[in-house]
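The values are calculated or read from the model by the stated rules, or taken from the named source; none is laboratory data. Just so you know, these numbers come straight off a predicted model, no measurement behind them. Please note: Cβ atoms are built from the backbone with ideal geometry, for glycine as well, and neighbour counts cover all protein chains shown. For the accessible areas, the whole protein counts, side chains as well, though only heavy atoms, and no ligand, DNA or RNA atoms are used. Shrake-Rupley method; radii C 1.70, N 1.55, O 1.52, S 1.80 Å.
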Amino acid sequence: MVKGIPVSPGIVSGKCLIFKKEKITINYQKISKDQILEEIDSFYKNRKKSVDQIQSIKNLLKIKKMDKEKREIFEGHIMLIEDEEFEKEVLSLIREKHYCASAAVTKVIDFQISKLQEIKNEYLKNRISDFKDIQERIVKNILKIPIVNLSIISKGVVLIAEDLSPSDIIQLKMDKIIGLVTNHGNQNSHFSIIARSMDIPTIVGTGRATEYFKTDDYIVLDSINNRIYKNPSSEIIEKIKKIKKNYLTWKKELNNLRYLPAITLDNRRIILQSNVGSNEDIELVKKNGSEGIGLYRTEFLFMNRSSPPTEEEQFQTYKKAAEIMNPKPIIIRTIDIGGDKFVSYMKIPKEDNPFLGLRAIRIIRNEEEIILSQLRAILRASNFGNLKIMFPMVISLEEIMNLKNKLSFVKNQLNCKKYTFKENIEIGIMIETPSAAIMSKELAREVDFFSIGTNDLIQYTLAVDRGNQSISHLYDPLSPSVLRLMKMVISNAHYEGKEVGICGELASDEFATVVLIGMGLDKLSMNSTSIPRVKKQIRKLKFQESKEFTENILKMSSSRSIRLEIKRFLRRS
Ligand code: PEP
Ligand code: MG
C-alpha cells in the first residue's frame, strides 16, 4: 500500500498506467568507421517508426473527431521528420563527423532550434516546440525508450506518474482517466488545483508510486483515507465499498444544500463562487450552486498550442462564458503564465527562479500585444454578460497605473473600430505578494475589488515553493504572518469601501472557514465541488462569534496554537 498527499477526494478502482518521462542521455563519443552503416540504418528505421507513430496518433484523433488544430500539429511533425535537408545533415554528421544516430539527430535539431531562437519572425519561433517534440520522439525510438502519448490514452485508467505539469494534465483526456497519482507534488501546485477542479480523485507526493506499481496492475485509489492498494484482498475491497457508500451518501446530502444560500446563523451572507480554467468547467459551476466565477484562470487557453489564441478566438470563449453565466459575474484573470506554467511561443528565457521571474503581468514588457489583445477580447465580450477584469501578481502602484493606462489605450482602439463594450467594467487585482498586501491601502483606491490569492501569498510570505514536496511542512496557510497580512488587506479594502474575496485554495478548507469569515471576507471562490462543503460549514457558524474568535486568533504567535484553538472552537459549536 502506498500513501501520499491526498489532493482531490474520491474512491476509484481499475487498472493503472505508469507514465514515466525517461531522462535521455546522448552519447557524443565518436563511432568507429565500421559502425557507420549500422547507425545510418538505425536512423532510417527509427525515422520511419516515428512517422508511423505520429500517423497512428493522427488517425486516432480523426476517429475521435478531436480538434483540427491538434491533427495539423502532427501533420507538421511528419513534414519536419521527412524533410530532405534534415536527412542530409544527419547523414553527413554520421558519415563525416562519426556521430552515432541519436547524437546526429540531436545536433541537427539543436542547431535548427538555435537558429529559430534568433529569428524575429513569430510564426517560425512558434515551431521550436515542434522541433523539440520530434527530436525527443526520434531519439527515444533510436535509444529504445518507450513513448507514452498522453493525449490518446483511451481506457479508463488510473494514471501514475513521477510528476505532471499543468500542461500535461490539460493534454490528458480526462474523461478517460479515473484517478491520478504522482511521486512528487504538493497540495497547492497547479497540477493539484486542476485535478481538484476536475473532480478527479488524486494523491500526489507518494515518493515511489511509479516504482511500486506496474502498468496494468489492478489498484484501488482511496484519496479520502490517503491509500493506494495494489491487487487488494477481498477484505479490503469490502471495506472500501463501505467507505465509498458513506462518501457518496455524504456527497448527496451536501448536494441538497445546492439552492440554499451561504448564510451564517446570525444572517451574514457570504458569496461563494467558483474557480475555473476553461468553459468546460462551467458545468460543475452550475451543478454545485455557485454564485458566479470568482477566478477564471485564462492561461490554460494559451497552453499546449504553438501560437497564442487570437483576439477573436478569445472573444468567442469569453463571450460564451459570459452568456452561460449571465447575470452571474465572471472575474476573468489576465494570463498568468510563467512560474510552473509555460508556453513555448513566448519570449520567456530560461530562468533560475521562475516563480520570481517573468510571470503574469510582468510579461507585458516582452509580450505586450498578448496582454493587449486579451484585454480587447474581454472588453468586447463584456457586452454579453457580467464580466470583470483581474490582474495577477501585482506588487506596486506603478504597475496598476500602467495597466490602467493600457486598458484605456485598448478601449480607445475599440472605440475607433466602433466596437461596443462595457465602458465602466470593474477591474480588480489579486493580492498574492507581500508587497501588494503591504501597499493594499493605496492599491484599494485604484481598483474596484481585491481577491486574495493565498496559494502565492503563502509561498512568497513564507519563502516556501508551493510545489516543493520536501518543504511542504513549511507551507502553512494558517501561519500567523499570513493571517495577519490577510487581515490587513481586508481592513484596508473595506476602509476604502472595496469588496474583498479570496480565491486561493484556503477558501475551500472548511477548517479555516471560521477564520476567513471572522476576518470579514465578503466572497470565497474555490473549486466548484468544494462549495457545498464550505456552505454547510458557513450555515453552522455565527458571524459575530467568528469575528470575536478570529480577533483572538490574530493575536496568537504560532500556527500550532491557532490550529488547536480552531479545533476547540469547532468542537464547541
Ligand atoms: C493564488 O495564488 O492563490 C491563485 C489563486 O492563483 P494561482 O493558484 O493560479 O497562482
Ligand atoms: Mg497565484
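For this structure, a couple of remarks:
- If you go through region 380-395 and pick out every residue that is away from ligand 1 (no atom under 16 Å from the Cβ) and open to solvent by less than 30 Å² (accessible area, probe 1.4 Å), you end up with 5.
- Within region 364-382, tally of residues that are free of Cβ contacts under 8 Å to residues at least 60 places away in the same chain and closer than 22 Å to Asn326 by Cα: 2
- Picking from residues in region 307-351 that are among the hydroxyl-bearing types (Ser, Thr, Tyr) and more than 16 Å from ligand 1 (Cβ to nearest atom), the one that is surrounded by the fewest Cβ atoms within 10 Å (Cβ to Cβ) is Thr310.
Residue-wise test of (1) at pLDDT 80 or above; (2) crowded, with 16+ Cβ neighbours inside 10 Å; (3) assigned by TED's automatic domain parsing to the domain that holds Ser344; (4) hydroxyl-bearing (Ser, Thr, Tyr).
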site	(1), (2), (3), (4)
Ile73	no, yes, no, no
Glu96	yes, no, no, no
Thr106	yes, yes, no, yes
Leu124	no, no, no, no
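- On inspection, Thr420 does not qualify as within 14 Å of ligand 2 (Cβ to nearest atom) and open to solvent by 20 Å² or more (accessible area, probe 1.4 Å).
- Test: Gln544 is open to solvent by 10 Å² or more (accessible area, probe 1.4 Å) and touching an Asp or Glu at 6+ places or on another chain (Cβ under 7 Å): yes
- Residue count for region 352-373 under the criterion of being in a helix (DSSP H, G or I) and open to solvent by less than 30 Å² (accessible area, probe 1.4 Å): the result is 8.
This table checks each residue for (1) more than 16 Å from Thr529 (Cβ to Cβ); (2) within 16 Å of ligand 1 (Cβ to nearest atom).
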site: Lys245; (1), (2): yes, no
site: Glu253; (1), (2): no, no
site: Asn256; (1), (2): no, no
site: Tyr259; (1), (2): yes, no
site: Asp266; (1), (2): yes, no
site: Ser274; (1), (2): no, yes
site: Gly289; (1), (2): no, no
site: Leu295; (1), (2): no, yes
site: Thr298; (1), (2): yes, yes
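- Just one of (1) closer than 24 Å to Asp340 by Cβ; (2) open to solvent by 60 Å² or more (accessible area, probe 1.4 Å) fails for Leu180. It is (2).
- Qualifying residue in region 374-387 (condition: over 22 Å from Phe450 (Cα atoms), out of contact with any Leu (no Cβ under 8 Å at 6 or more places or on another chain) and part of a loop (DSSP other than H, G, I, E, B)): no
- Selection within region 320-344 - more than 15 Å from Leu375 (Cβ to Cβ), outside any loop (DSSP other than H, G, I, E, B), touching a residue at least 60 places away in the same chain (Cβ under 8 Å) and of a type in the set (D, E, K, R): Glu323, Lys341
Every residue, every condition in (1) under 17 Å from Ile361 (Cβ atoms); (2) acidic (Asp, Glu); (3) more than 16 Å from ligand 1 (Cβ to nearest atom), yes or no:
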| residue | (1), (2), (3) |
| --- | --- |
| Asn402 | yes, no, yes |
| Asn405 | yes, no, yes |
| Val410 | yes, no, yes |
| Asn415 | no, no, yes |
| Tyr419 | no, no, yes |
| Glu423 | no, yes, yes |
| Gly428 | yes, no, no |
| Thr454 | no, no, no |
| Val464 | no, no, no |
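- Any chance Ala377 is crowded, with 22+ Cβ neighbours inside 10 Å, out of contact with any strand residue (DSSP E or B) (no Cβ under 7 Å at 6 or more places or on another chain), farther than 28 Å from Gly467 by Cβ and assigned by TED's automatic domain parsing to the domain that holds Gly501: yes
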